[in-house]
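The values are calculated or read from the model by the stated rules, or taken from the named source; none is laboratory data. Just so it is clear, the model here is predicted, and its values are computed rather than measured. Glycine gets a Cβ as well: all are built from the backbone with ideal geometry, and neighbour counts include every protein chain shown.
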Amino acid sequence: MKFSGIAAAAILGAAAANALETISAVGNKFFLESGKQFFVKGIAYQLVEEDPLVDGEQCSRDAALMKTLGTNTIRVYHVDATKDHTKCMNAFADAGIYTLIDLDTFDTYILPTAPSWNQTQVDAYAAVMDAFIKYDNVLGFFVGNEIIAIANQSLAAPYIKASVRDMKKHRESKGYRKVPIGYSAADIAELRPMLQDYLTCGGDDSQNVDFFALNSYEWCDVTTYDVSGYANLQKQAVNFPVPIFFSETGCNVPGPRLFDDQQAIFGKEMSSDWSGAIIYEWIEEANHYGLISYGPPVAPTATGSNIRGGFSRAGTPTPVSPDFNNLKSQWAKITPSGVAQSDYSPSLVSTRACPTSTQDGWLVNGNVALPSIGQVFTGALSTVPIATPTTTTTSALGSAATTSTTKNPAPANKEIAGMSAGLAGVMLFFTFWL
Ligand SMILES: *[C@@H]1O[C@H](CO)[C@@H](O)[C@H](O)[C@H]1NC(C)=O
Ligand SMILES: *[C@@H]1O[C@H](CO)[C@@H](O)[C@H](O)[C@H]1NC(C)=O
């Protein structure tokens, strides 16, 4: 009866996770089942590169401390669909915390310069969805993270949209709840706002994202809403057709971080168009963005059961001072009420036209046909006529608004730590902009 025992435990586990209401995207907002608007107060969580959601005791310790911070969401970049995530998902659900899960795995990325969307990728993405859909505290899935980092990589955008198309098809064919499916973009001035518009344009919702998220490090304390560039981000997000939020934020230059941007995001300037922010990141490591640590740094070459890349990756989380408390007090001041779903009319939001291509910028001209599964990339899209160069709105508000922002300093990324040297070399390019 061993197997039925396990099955019973799994069912009980799933029942515990059901304590949280599911979340859906309506117009440009997230709503709980009760009709209350949901704003993301999130933390990027990837203690180890393979999958941080398999150690239930570790998840419980972290979830308990995150709860004191005011966190209601974590973002996880990589998971292993073959593992059991029940204990971790329940630990976070018990703390009132939702999850945003990236569907891509290390060898199924849509590559920026030689994009593909093939059956291997479809199956791998679908396996992650199948593994997580049973947990009510899944807020959404990302089909990709910062795939496009420079202008000529915009040709990969139709492949991103193809992945959305097929993951929605999978969701529908399995009869799953409509878990929002979206994309997490790098903050690249020449591509903003074309990418966010492209992923929501054309009028066919079956291939458009359910939400768009931006990794932005524009706001470095001490600054202001106008000087930081956030005013420009806001301008481009007004009445966006789907929820938009920060999937990473938390500039650490010069530090310590004050997280003053949270008052703009959740306040009167932005909260009617934005759905919150995810702070990068939970664990302190070489790139120095951590909110907690599991002990002092050790030698980069040190080995141990939970030590990799010079940092302990399990244990009792200890707040990094003063960043942890700074964030805690910012979030404690924020209680956006938003709107009730019953008072909200999604028709207020507007679909934008598919962007036309621009010289040295966005290269996808209009609503191009999406690649079919397995269709080989030839770069042919770049031969479409390039429209007369247009000045994008990114320059409208001065130099801050035109700056591309990524993590600074260039991170010794968490996902490289502990990886074999060969894989790390390959990964370096893709995680550099994470
Ligand atoms: C599918 O795409 C992945 C990721 O780019 C690649 O590694 C793999 O070789 C491709 N598989 C096939 C059969 O083309
Ligand atoms: C894309 O742009 C980068 C940076 O400007 C450049 O180094 C690279 O050669 C370009 N690639 C192609 C295929 O044009």
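Restricting to the range 42-81, give me the number of residues that are under 16 Å from the mean Cα position of the chain (by Cα) and in a helix (DSSP H, G or I).
Residues flagged as under 16 Å from the mean Cα position of the chain (by Cα) and in a helix (DSSP H, G or I) within the range 42-81 amount to 0.
Hey, could you check the range 360-371 for residues that are within 25 Å of the chain's Cα centre (by Cα) and closer than 16 Å to Ala162 by Cα and say which is nearest to ligand 1 (Cβ to nearest atom)?
Taking the range 360-371 as the starting set, the residues that turn out to be within 25 Å of the chain's Cα centre (by Cα) are 361-364, 367, 370-371.
From what's left, closer than 16 Å to Ala162 by Cα: 364, 367, 370-371.
Details: Val364: 19, Asn367: 24, Leu370: 16, Pro371: 12 Å.
Taking the candidates together, the pick is Pro371.
Identify the residue in the range 172-187 that is more than 19 Å from the chain's Cα centre (by Cα) and of a type outside the set (Asp, Glu) and, among all such residues, is nearest to ligand 2 (Cβ to nearest atom). Give the derivation first.
Restricting attention to the range 172-187, the residues satisfying the condition of being more than 19 Å from the chain's Cα centre (by Cα) are 172-177.
In the following step, the residues that additionally are of a type outside the set (Asp, Glu) were identified as 173-177.
Details: Ser173: 36, Lys174: 38, Gly175: 42, Tyr176: 38, Arg177: 40 Å.
Here the answer is Ser173.
Applying the selection to the range 282-317, what residues are touching an Asp or Glu at 6+ places or on another chain (Cβ under 8 Å), part of a loop (DSSP other than H, G, I, E, B) and closer than 24 Å to Lys67 by Cα?
Trp282, Tyr289, Gly290, Leu291, Ala314, Pro317
Enumerate the pairs (first residue in the range 26-48 and free of Cβ contacts under 8 Å to residues at least 60 places away in the same chain; second residue anywhere and among the acidic types (Asp, Glu)) with beta-carbon separation below 8 Å, excluding pairs fewer than 6 apart on the same chain, so at least 6 apart or on different chains.
Pairs found: Leu32/Glu21; Glu33/Glu21; Ser34/Glu21.
In the range 123-148, which residues are surrounded by 24 or more Cβ atoms within 10 Å (Cβ to Cβ) and within 16 Å of ligand 2 (Cβ to nearest atom)?
The answer is Ile147, Ile148.
Being free of Cβ contacts under 8 Å to residues at least 24 places away in the same chain and over 19 Å from the mean Cα position of the chain (by Cα) is true for just one of Asp123, Asp94, Asp107, Asp84. Which residue is that?
Working: Asp94 fails: free of Cβ contacts under 8 Å to residues at least 24 places away in the same chain; Asp107 fails: over 19 Å from the mean Cα position of the chain (by Cα); Asp84 fails: free of Cβ contacts under 8 Å to residues at least 24 places away in the same chain.
One residue alone meets the criteria, Asp123.
Can you find a residue in the range 134-143 that is touching an Asp or Glu at 6+ places or on another chain (Cβ under 7 Å) and part of a helix (DSSP H, G or I)?
Scanning the range 134-143, I find no residue that is touching an Asp or Glu at 6+ places or on another chain (Cβ under 7 Å) and part of a helix (DSSP H, G or I), so the answer is no.
Which numbered condition trips up Thr120, out of (1) away from ligand 2 (no atom under 16 Å from the Cβ); (2) closer than 30 Å to Trp362 by Cβ; (3) part of a loop (DSSP other than H, G, I, E, B); (4) among the hydroxyl-bearing types (Ser, Thr, Tyr)?
(3)
Restricting attention to the range 89-107, does a residue exist that is within 16 Å of ligand 2 (Cβ to nearest atom), surrounded by fewer than 23 Cβ atoms within 10 Å (Cβ to Cβ) and modelled with pLDDT under 95? Give the steps one after another, and end with the answer.
Of the range 89-107, the ones within 16 Å of ligand 2 (Cβ to nearest atom) are none.
No, the range 89-107 contains no residue that is within 16 Å of ligand 2 (Cβ to nearest atom), surrounded by fewer than 23 Cβ atoms within 10 Å (Cβ to Cβ) and modelled with pLDDT under 95.
Considering only residues that are in contact with a Gly (Cβ under 7 Å, 6 or more places away or on another chain) and either in contact (Cβ under 8 Å) with a residue 60 or more places away in the chain or acidic (Asp, Glu) (or both), which ones fall in the range 349-362? Break it down into steps so the answer makes sense when it comes.
Applying the first criterion (in contact with a Gly (Cβ under 7 Å, 6 or more places away or on another chain)) to the range 349-362 yields 349, 351, 354, 356.
Matches in the range 349-362: Val349, Thr351, Cys354.
Taking the options Gln341, Gln330, name whichever one is in contact with a helix residue (DSSP H, G or I) (Cβ under 7 Å, 6 or more places away or on another chain) and touching a residue at least 40 places away in the same chain (Cβ under 8 Å).
Selected residue: Gln330, the only one of Gln341, Gln330 that is in contact with a helix residue (DSSP H, G or I) (Cβ under 7 Å, 6 or more places away or on another chain) and touching a residue at least 40 places away in the same chain (Cβ under 8 Å).
Can you tell me which of Ala126, Ala151, Ala156, Ala186 is of a type in the set (Gly, Ala, Ser) and at pLDDT below 95?
Ala151 is the lone residue from the list that is of a type in the set (Gly, Ala, Ser) and at pLDDT below 95.
Test of understanding: among Leu348, Leu258, Leu327, which residue is closer than 19 Å to Ala63 by Cα and not polar (S, T, N, Q)? Before you say what the answer is, go through the steps one by one.
Details: Leu348 fails: closer than 19 Å to Ala63 by Cα; Leu258 fails: closer than 19 Å to Ala63 by Cα.
Residue meeting the stated conditions: Leu327.
Against the condition over 20 Å from the mean Cα position of the chain (by Cα), part of a loop (DSSP other than H, G, I, E, B) and within 15 Å of ligand 1 (Cβ to nearest atom), how does Thr113 come out, does it pass? It would help to see each step written out before you state the result.
Working: over 20 Å from the mean Cα position of the chain (by Cα): yes; part of a loop (DSSP other than H, G, I, E, B): yes; within 15 Å of ligand 1 (Cβ to nearest atom): yes.
Considered against the rule, which asks whether it is over 20 Å from the mean Cα position of the chain (by Cα), part of a loop (DSSP other than H, G, I, E, B) and within 15 Å of ligand 1 (Cβ to nearest atom), Thr113 comes out as yes.
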